[in-house]
Structure formats: C-alpha cells, structure tokens
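Report on the following structure.
The values are calculated or read from the model by the stated rules, or taken from the named source; none is laboratory data. These numbers come from a predicted model, not from an experiment. Positions of Cβ are generated from backbone atoms using ideal geometry, with glycine treated the same way; all protein chains shown enter the neighbour counts.
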Amino acid sequence: MPASNSSGFTRQFSQVRVLVHTVLGWVDDKFQLLRQKLPFRKRLFDDIKTLTSYLCFDSWEALIDFMLESFKKPPPPKPETG
C-alpha cells in the first residue's frame, strides 16, 4: 500500500475506533464500567489490542468480562528485598 493510502487508512481506522468507542459508551453498561477503571481511551484500546493479539474470545462480552475480572483480583505480592 503506498504511503498516502496507508496514512488515509490509518486516519479512517482511528475515526472508526472513536465512533465505536462512543457508541459502546452509550449502550454497553459493562463497557462503561471498564471505561471507569481505565479512564484513558488509548490505554483501553491498547489493552484490547494486546489481549486480542494473544487470546481468542468468543464474544465482545467475553473480552470485557475478562478485563473486568482482572480488577477483582488482589495485586501480586511485592518481592522481598534484602
């Protein structure tokens, strides 16, 4: 793909991503809860991109549930020093 087409595609994809995010914020309660946990849009989409690069989810809801579940677990113990 030539550079000019590539940058146009990237710009359009970014616009679609923002639109999807906005619509989900209106209609999906679990997505709204996840947005409260991860208030930065870039962080949220980076996490989604990373997870879907390595794991296959049966549905959008399964992905969101998986992400929300991670907030229920206690943090790992700190390593001992000394």
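General remarks:
- Among the residues of segment 38-60, just one is assigned to a helix (DSSP H, G or I), more than 16 Å from R17 (Cα to Cα) and touching a helix residue (DSSP H, G or I) at 6+ places or on another chain (Cβ under 7 Å), namely L51.
- Residue count for segment 61-70 satisfying the condition of being farther than 11 Å from F31 by Cβ and either in a loop (DSSP other than H, G, I, E, B) or hydrophobic (A, V, I, L, M, F, W, C) (or both): 3.
- The single condition among (1) at pLDDT 90 or above; (2) in a helix (DSSP H, G or I) that L34 does not meet is (1).
- Taking the listed residues E69, E80, the one that is at pLDDT 70 or above, of a type in the set (D, E) and over 18 Å from the mean Cα position of the chain (by Cα) is E80, with no other qualifying.
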